[in-house]
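Visitor: Next up is a structure, given as structure tokens.
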Amino acid sequence: MARVLVIVPFPMDEGNVAKRRAQLNAVRLGEGIEFDYKPVRIAPANYVSQQDSVLADIGILEAGLQAQADGYDAVCIDTVSDSGMSALRSVLDIPVIGPGRHAMLAALMLGEKFSILAMWDRWRHLYTKTLAELGLQHKCASLRSAGLQPNNQSLLAGKEDEFFPALYEAAMRCVEEDGADVIILGSTTMHEAHAYLAERLPVPIINPGPLTYRLADAAIRLRLSHSRLSYPAPSHVAGGALAAMGAAAERI
Amino acid sequence: MTRILLLTPADVQAPAAAFSAGVTDSGTAIVHRRVAYASTPPVGAHDWALADLAMLAAGQHAQEEGFDAVCVGDMGDYGANALRSVLDIPVITAGRASMLYALSLGARFSVAASARDHVRIGKLVHEYALDHQCAGVHLLGEDGELPAALDEADVVVLAASPAGASRSVRAPLVEPLPLIVKLAESMTGLGLTHSRRAYPAPQVRKGDLIDALSRSGAAS
């Protein structure tokens, strides 16, 4: 049995973790793979500034640091920001899958240009960072948002009637005005809208969380992991310091 | 059950050992067809046009044959865009998919290619706008030995039979055939296929003509 650790980027109760785990319902997986969901201890309130990005990197690094020692075969990060992905790759030999990077690369297997559909414009910096790292800005037709306030705990529950049509309208503008061949949902917290949008849009729309589950399976079965040259190992791993930080965050 | 049609070029040794046990889902069935091009090896534009036609002919009926995905197992991605234009099921191709996938593993990739594919892959790197991400397309040695330049590569895409690659490299080694089959499973598992905006369907399907051209070319 292959075991994958999914790192949830906010502290949350079991009920809200279940809303994240529900992403498993959107993908048909092969046998012999299971997913454990683990919320971080260290996190920002949300992901709208570079301060938040630093805290997110630390929180996800701390949450995943022991994944390999704990017997996991891969790590998926449940945020399109790919926060903590590079840091974890530098210390782990098992695959670490970030949905942002993987969704952009997968989109280019389905079309020539993609747009990223966000809840609100405050997430824009997350995408520009990954686009710059990949050097694929010219493949991005647009970053558009529906101008909606996200909730990283309850996700879209109770707001479907308002939010789903607004996301559809923004997605159609990506296609018709910006020339997108493929749409990427800009957050794993938007997964509840995926089926609604996929049924209605004239182009493919990537659900980034479930994509990572399939790519984790592929990486495990193909015995592929990240390059040490791209993600060099640290001279020593600050495990003690990070654990102390995790404990400190829990007390606050 | 996921049914995948794998098309590989007849002028390259069949990839018998490409799929070690346990790589695919137990519910995945792979039907392997070898495709003969009218002019081989495909080293220039004349050959490439004929290879496009051959791959298109070999895969154009895949959907009505009941396949869930098509994999084009030639690093030259021959016929790939044409197949997408006539099929609604995903078409995963060795060149495009392995280069993009390599970028999920490292910042840049290098390709190790035989003389058969060397020029074509350089063209595809440019066409896919990956010039900045590609550290180089390197020729394999006469005996299939990996060139020394790959010792410093972030990620290596092996555009040739793994059996021929005798030098071990530190970098992750992407083997296109098993990769494209896993990606085809992934796309079908996610209900994803290519965009009609990028690959519009023809107004008039010419399936019979394509079949006839392919048959007559093979018979000559």
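The values are calculated or read from the model by the stated rules, or taken from the named source; none is laboratory data. Predicted, not measured: the structure shown is a model, and the values here were computed from it. No Cβ is skipped: glycine too gets one built from the backbone with ideal geometry, and neighbour counts run over all protein chains shown.
Visitor: Please state which of the following conditions B:SER39 fails to meet, knowing it meets all the rest: (1) more than 20 Å from A:LEU29 (Cα to Cα); (2) hydroxyl-bearing (Ser, Thr, Tyr); (3) within 12 Å of chain A (Cβ to nearest Cβ); (4) surrounded by fewer than 23 Cβ atoms within 10 Å (Cβ to Cβ).
Guide: (3)
Visitor: From the list B:ALA149, B:ALA113, which residue is farther than 25 Å from B:PRO200 by Cα and within 18 Å of the chain's Cα centre (by Cα)? Outline the logic, then answer.
Guide: Details: B:ALA149 fails: within 18 Å of the chain's Cα centre (by Cα).
The match here is B:ALA113.
Visitor: Can A:TYR37 be described as away from chain B (no Cβ under 14 Å), in contact (Cβ under 8 Å) with a residue 12 or more places away in the chain, assigned to a strand (DSSP E or B) and touching a helix residue (DSSP H, G or I) at 6+ places or on another chain (Cβ under 9 Å)?
Guide: Details: away from chain B (no Cβ under 14 Å): yes; in contact (Cβ under 8 Å) with a residue 12 or more places away in the chain: yes; assigned to a strand (DSSP E or B): yes; touching a helix residue (DSSP H, G or I) at 6+ places or on another chain (Cβ under 9 Å): yes.
Judged against the criteria, A:TYR37 is a match.
Visitor: Could you please give the count of residues in the stretch B:40-70 that are assigned to a loop (DSSP other than H, G, I, E, B) and touching a residue at least 12 places away in the same chain (Cβ under 8 Å)? Walk me through it before giving the result.
Guide: Initial filter on the stretch B:40-70 (assigned to a loop (DSSP other than H, G, I, E, B)): B:40-44, B:60-68.
Then drop every residue that is not touching a residue at least 12 places away in the same chain (Cβ under 8 Å), which leaves B:40-44, B:60-63, B:65-68.
Residues that pass the stated criteria total 13.
Visitor: Are there any pairs, at least 6 apart or on different chains, whose C-beta atoms fall under 7 Å, with the first in the stretch A:130-154 and without any contact (Cβ under 8 Å) to a residue 24 or more places away in the chain and on the phi > 0 side of the Ramachandran plot and the second surrounded by 19 or more Cβ atoms within 10 Å (Cβ to Cβ) and part of a loop (DSSP other than H, G, I, E, B), and if so, which?
Guide: Listed by first residue and then by second, the contacts come to A:GLY135/B:GLN133.
Visitor: Does A:LEU110 meet the test of being within 9 Å of chain B (Cβ to nearest Cβ), under 29 Å from B:LEU83 (Cβ atoms), crowded, with 19+ Cβ neighbours inside 10 Å and not polar (S, T, N, Q)?
Guide: Numbers: within 9 Å of chain B (Cβ to nearest Cβ): yes; under 29 Å from B:LEU83 (Cβ atoms): yes; crowded, with 19+ Cβ neighbours inside 10 Å: yes; not polar (S, T, N, Q): yes.
It is true that A:LEU110 is within 9 Å of chain B (Cβ to nearest Cβ), under 29 Å from B:LEU83 (Cβ atoms), crowded, with 19+ Cβ neighbours inside 10 Å and not polar (S, T, N, Q).
Visitor: Another question, then. Pick out the one residue from B:GLY59, B:GLY27 that is at pLDDT below 95 and farther than 30 Å from B:ASP154 by Cβ.
Guide: From the options B:GLY59, B:GLY27, the qualifying one is B:GLY27.
Visitor: In addition: Among B:THR93, B:THR24, which is the only one that is buried (at least 22 other Cβ atoms within 10 Å of the Cβ), within 14 Å of another protein chain (Cβ to nearest Cβ), under 23 Å from A:ALA218 (Cβ atoms) and in contact with a helix residue (DSSP H, G or I) (Cβ under 8 Å, 6 or more places away or on another chain)? Give the steps one after another, and end with the answer.
Guide: On the way: B:THR24 fails: buried (at least 22 other Cβ atoms within 10 Å of the Cβ).
Result of the check over B:THR93, B:THR24: B:THR93.
Visitor: What do you reckon, is A:TYR168 of a type outside the set (D, E, K, R), assigned to a helix (DSSP H, G or I) and within 28 Å of A:ASP13 (Cβ to Cβ)? Quick ask: steps written out before the conclusion?
Guide: Values: of a type outside the set (D, E, K, R): yes; assigned to a helix (DSSP H, G or I): yes; within 28 Å of A:ASP13 (Cβ to Cβ): no.
For A:TYR168, the condition - of a type outside the set (D, E, K, R), assigned to a helix (DSSP H, G or I) and within 28 Å of A:ASP13 (Cβ to Cβ) - is not met.
Yes or no, residue by residue, for (1) in contact with a strand residue (DSSP E or B) (Cβ under 7 Å, 6 or more places away or on another chain); (2) under 11 Å from B:VAL155 (Cβ atoms); (3) not in a loop (DSSP other than H, G, I, E, B):
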| position | (1), (2), (3) |
| --- | --- |
| B:ASP74 | yes, no, no |
| B:ALA82 | no, no, yes |
| B:SER85 | no, no, yes |
| B:ASP88 | no, no, no |
| B:SER98 | yes, yes, yes |
| B:ALA102 | yes, yes, yes |
| B:ALA107 | no, yes, no |
| B:VAL111 | yes, yes, yes |
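Visitor: Among what's in the stretch A:201-252 and is of a type in the set (A, V, I, L, M) and in a loop (DSSP other than H, G, I, E, B), pick the residue that is farthest from A:GLU31 (Cα to Cα).
Guide: Here is the first cut: in the stretch A:201-252, the residues of a type in the set (A, V, I, L, M) are A:201, A:203, A:205-206, A:211, A:215-216, A:218-220, A:222, A:224, A:229, A:233, A:237-238, A:241-245, A:247-249, A:252.
Of the ones still in play, those that are also in a loop (DSSP other than H, G, I, E, B) are A:201, A:203, A:224, A:229, A:233, A:237-238, A:252.
Details: A:LEU201: 31, A:VAL203: 30, A:LEU224: 19, A:LEU229: 33, A:ALA233: 33, A:VAL237: 34, A:ALA238: 36, A:ILE252: 41 Å.
Result: A:ILE252.
Visitor: State all residues of the stretch B:181-208 that are among the β-branched types (Val, Ile, Thr), assigned to a loop (DSSP other than H, G, I, E, B) and either facing another protein chain (nearest Cβ under 8 Å) or within 17 Å of A:ALA107 (Cβ to Cβ) (or both); if no residue qualifies, say none. Even if it seems obvious, please write down each step before you answer.
Guide: Our first condition is that a residue be among the β-branched types (Val, Ile, Thr); within the stretch B:181-208, this holds for B:181, B:188, B:193, B:204.
Narrowing further to those that are assigned to a loop (DSSP other than H, G, I, E, B): B:193, B:204.
Correct list: B:THR193 only.
Visitor: Another one. Could you run through the stretch A:210-236 and say how many residues are polar (S, T, N, Q) and more than 9 Å from every other protein chain (Cβ to nearest Cβ)? Explain how you work it out, then say what you get.
Guide: Just the residues of the stretch A:210-236 that are polar (S, T, N, Q), to begin with: A:212, A:225, A:227, A:230, A:235.
Narrowing further to those that are more than 9 Å from every other protein chain (Cβ to nearest Cβ): A:212, A:235.
The total comes to 2.
Visitor: Take the residues of the stretch A:138-184 that are within 24 Å of A:LYS19 (Cβ to Cβ) and of a type in the set (Ser, Thr, Tyr): which is farthest from the chain's Cα centre (by Cα)? Lay out the reasoning, then the answer.
Guide: Pass one, the stretch A:138-184, residues within 24 Å of A:LYS19 (Cβ to Cβ): A:145-168, A:170-171, A:183-184.
If we keep only those that are of a type in the set (Ser, Thr, Tyr) too, we end up with A:145, A:154, A:168.
Working: A:SER145: 17, A:SER154: 17, A:TYR168: 21 Å.
So the residue we want is A:TYR168.
Visitor: Can you tell me which of (1) closer than 30 Å to A:GLY30 by Cβ; (2) away from chain A (no Cβ under 11 Å); (3) in a helix (DSSP H, G or I) is the one B:PRO178 doesn't meet?
Guide: It is condition (2) that B:PRO178 fails.
Visitor: Identify the single condition in (1) part of a strand (DSSP E or B); (2) free of Cβ contacts under 8 Å to residues at least 40 places away in the same chain that A:ILE183 does not satisfy, given that it satisfies every other one.
Guide: (2)
Visitor: Still on this model: Counting only residues that are in a helix (DSSP H, G or I) and over 17 Å from A:GLN50 (Cβ atoms), which one in the stretch A:120-153 is farthest from the other protein chains (Cβ to nearest Cβ)? Full working, then the answer.
Guide: Start the filter on the stretch A:120-153 by keeping residues that are in a helix (DSSP H, G or I), which leaves A:121-134, A:137-139.
Now drop any that are not over 17 Å from A:GLN50 (Cβ atoms), which leaves A:134, A:137-139.
On the way: A:LEU134: 6, A:GLN137: 10, A:HIS138: 6, A:LYS139: 7 Å.
Only one residue tops the list, namely A:GLN137.
Visitor: Of the conditions (1) of a type in the set (Ser, Thr, Tyr); (2) outside the structural domain of B:VAL155 (by TED's automatic domain parsing); (3) surrounded by 22 or more Cβ atoms within 10 Å (Cβ to Cβ), B:SER110 clears all except one; give me its number.
Guide: (2)
Visitor: Could you tell me which residue of the stretch A:73-93 is nearest to the chain's Cα centre (by Cα), considering only residues that are surrounded by 24 or more Cβ atoms within 10 Å (Cβ to Cβ) and outside any loop (DSSP other than H, G, I, E, B)?
Guide: A:ILE77
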